[in-house]
Amino acid sequence: MLQMPPAAPGMQEEDIDTPALVIDLDAFESNLDAMAALLAPTGAKLRAHAKTHKSPIIAKLQIARGAIGNCVQKVTEAEVLAWGGVSNILVSNEVVGAAKLARLCALSRIAQVSVCADDEGQVAAIEAAAADAGIRMTVLVEIDVGASRCGVAPGPEAVALATRIAESRHLIFGGLQAYHGSAQHKRTPGERRTLIGGAVEASRRTVEQLRQRGLDCPIVGGAGTGTFPFESTSGVYTEMQAGSYVFMDADYARNLDEAGAPVSTFQHALFVLSSVMSATRPGIAVLDAGHKAVAVDSGLPTVWQRPDLRYVSASDEHGKLDVASETAAPKVGEKLRLVPGHCDPTVDKFDWYVGVRKGRVECLWPVAARGGVS
């Protein structure tokens with residue numbers, strides 16, 4: 001059931017009902033502009049990952065700053081974006097099941113849609129769905145560039161699958177999906193550079209072998225918020241699939257730059273606004289934001305601009321704070337911003353974004369693809 005909005009435009013931030021998903025609009029817009037500026041001289045294009053924000057509104061703000069479109073992980077997300085006016089969408093994932101493939105093909109009536117495959121059986125299923133819908137579906141071959149998750153081996157196996165796609169009357173070979181997910185969160189730039197160097201070389205080798213078979217490779221897509229500086233300047237990758245940069249989270253804030261300091265390219269723009277609901281014990285305060293309000297798979301949230309407060313544990317409806325001193329103790333009813341450890345699954349817990357600028361609510365945006373797991 002859609003939740004009632006926790007705020008209204010014009011309201012002060014301290015009056016927002018909690019827990020609430022808050023966007024600091026100044027920081028958010030700065031992040032959008034920063035990514036556009038960083039990619040502009042590289043020639044690489046941004047295909048921003050909408051699995052982070054699940055919002056056609058945010059997707060179109062990215063496109064307005066030069067993104068060529070968006071990628072998603074699920075057909076449901078593609079549907080929400082397409083019906084929300086986004087015209088170029090890649091499902092950067094494998095889609096299995098006739099019903100989902102039929103839904104994906106139906107979207108081709110209103111948007112340019114493409115999908116990934118790493119198996120001949122998947123290609124055959126996509127081909128059958130496209131034939132039934134009377135369309136030609138663009139398919140990218142996903143190659144495993146080191147993440148050991150999805151993807152066919154780079155080189156001859158990828159070329160064979162690409163050839164199978166290119167020879168189909170109902171499919172179009174669109175290029176390579178070459179995302180190294182685990183590299184995004186390696187803390188030092190040296191670690192990230194080494195892993196992406198391997199991904200670039202595997203992709204380069206596969207593109208050359210495709211060329212030798214007479215196959216053009218228009219897209220080599222991948223990269224993320226943690227590594228896009230390496231892929232975008234590689235001369236091999238053409239599309240950057242960064243997503244978390246729009247919001248940032250506590251986990252990405254742990255990545256280091258060349259000087260050994262936290263990377264500061266993007267600002268924290270996404271927060272879970274919470275209220276102190278209990279403070280009966282010295283040194284402890286309890287918030288109304290626990291597991292059901294903030295994802296903890298990448299670590300506990302941090303308390304924004306309050307180093308004297310530490311979020312130390314979560315239960316379903318409660319978050320426990322360690323209070324450094326009696327003078328730092330927050331009062332019952334006090335509102336605190338939390339920086340989630342992982343922004344993507346935190347977003348999926350809410351129906352609404354509350355856009356705040358300089359302490360005042362400016363807008364409410366629905367998390368339109370919330371719960372889209374199919």
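For the range 43-248, with only Lys/Arg (+1) and Asp/Glu (-1) charged at the beta-carbon, what is the dipole magnitude about the Cα centre, in debye rounded to 20?
640
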With each label point set 7 Å from Cα along the Cα-Cβ vector, what nm distance links ARG205 and GLU326?
-> 6.6
1/(1 + (r/R0)^6) with r = Cβ-Cβ of ASP17 and VAL373, R0 = 41 Å, i.e. FRET efficiency to nearest 0.05, evaluates to 0.95
Cα centroid distance between the range 1-72 and the range 201-246, in Å?
-> 24
Please work out whether the range 268-374 counts as rounded, prolate or oblate from its C-alpha gyration tensor, where a ≥ b ≥ c are the square roots of the eigenvalues and a/c under 1.5 means rounded, while otherwise a/b larger than b/c means prolate and anything else oblate?
-> prolate
On a 0 to 90 degree scale, rounded to 10, what angle separates helix 98-107 from the longest Cα axis of the chain?
-> 90
Distant-in-sequence amide H partners of ILE284 (H built 1.01 Å from N, under 5 Å) = VAL323
Globularity ratio of the range 1-113, using Cα Rg and 2.2 N^0.38 Å | 1.25
Each residue of the range 249-263 in turn: what ³J(HN,Hα) in whole Hz from Karplus with 6.51, -1.76, 1.60 and θ = phi - 60°, glycine and Pro shown as x?
-> 8, 5, 5, 4, 5, 7, 5, 10, 9, 4, 8, x, 9, x, 4
Please work out the FRET efficiency for the pair ARG310 and ARG109, using the Cβ-Cβ distance as r and a Förster radius of 51 Å; give the result to the nearest 0.05.
-> 0.50
Return one quarter of the surface area of the convex hull spanned by the alpha-carbon atoms of the range 43-248, equal to its mean projected area, in nm².
-> 10.4
Residue-normalised 222 nm signal for the chain, counting each DSSP H run of n ≥ 4 as -39,500 (n - 2.57), nearest 500 deg cm²/dmol, is -8500 deg cm²/dmol
How far apart, in nm, are the 7 Å Cα→Cβ label points at SER30 and LYS292?
-> 3.4
Relative contact order of the chain: what whole-number percent is it, with Cα pairs under 8 angstrom and at least 6 residues apart?
-> 21
Which length gain, in nm to one decimal place, applies between ARG169 and LEU256 when the Cα-Cα distance is subtracted from 0.36 nm times their residue separation?
-> 26.5 nm
Violating pairs (Cα-Cα greater than 29 angstrom) within the set LYS54/LYS331; LYS45/LYS292; LYS54/LYS335; LYS74/LYS320; LYS45/LYS335; LYS186/LYS335 | LYS54/LYS331; LYS45/LYS292; LYS74/LYS320; LYS45/LYS335; LYS186/LYS335
Any chance you could get the radius of gyration and Dmax over the Cα atoms of the chain, in Å?
-> 21.9, 72
Stretch GLU120-SER264 to full length: gain in nm at 0.36 nm per residue minus the Cα-Cα span?
-> 47.6 nm
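Which longest run of the chain has no exposed loop site in it, a site being GluC sites (Glu not before Pro) in a DSSP loop with at most 11 other beta carbons within 10 Å, and the site itself not part of the run?
1-166
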5 angstrom amide H check on LEU140, placed H, neighbours 5+ away = VAL115, CYS116, ALA117, GLY174
Karplus-derived HN-Hα couplings along the range 185-193 (A = 6.51, B = -1.76, C = 1.60, θ = phi - 60°), whole Hz, x at Gly and Pro = 10, 6, 6, 9, x, x, 4, 5, 4
What angle, in degrees between 0 and 90 and rounded to the nearest 10, separates the Cα long axis of helix 25-39 from the longest principal axis of the Cα atoms of the chain?
-> 30
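Any read-out appearing in this document is the output of simple, stated calculations on the displayed coordinates, not a laboratory observation. The model shown is predicted, which means the values in this text are computed figures rather than measured ones. Cβ atoms come from the backbone with ideal geometry, glycine included; neighbour counts cover every protein chain shown.
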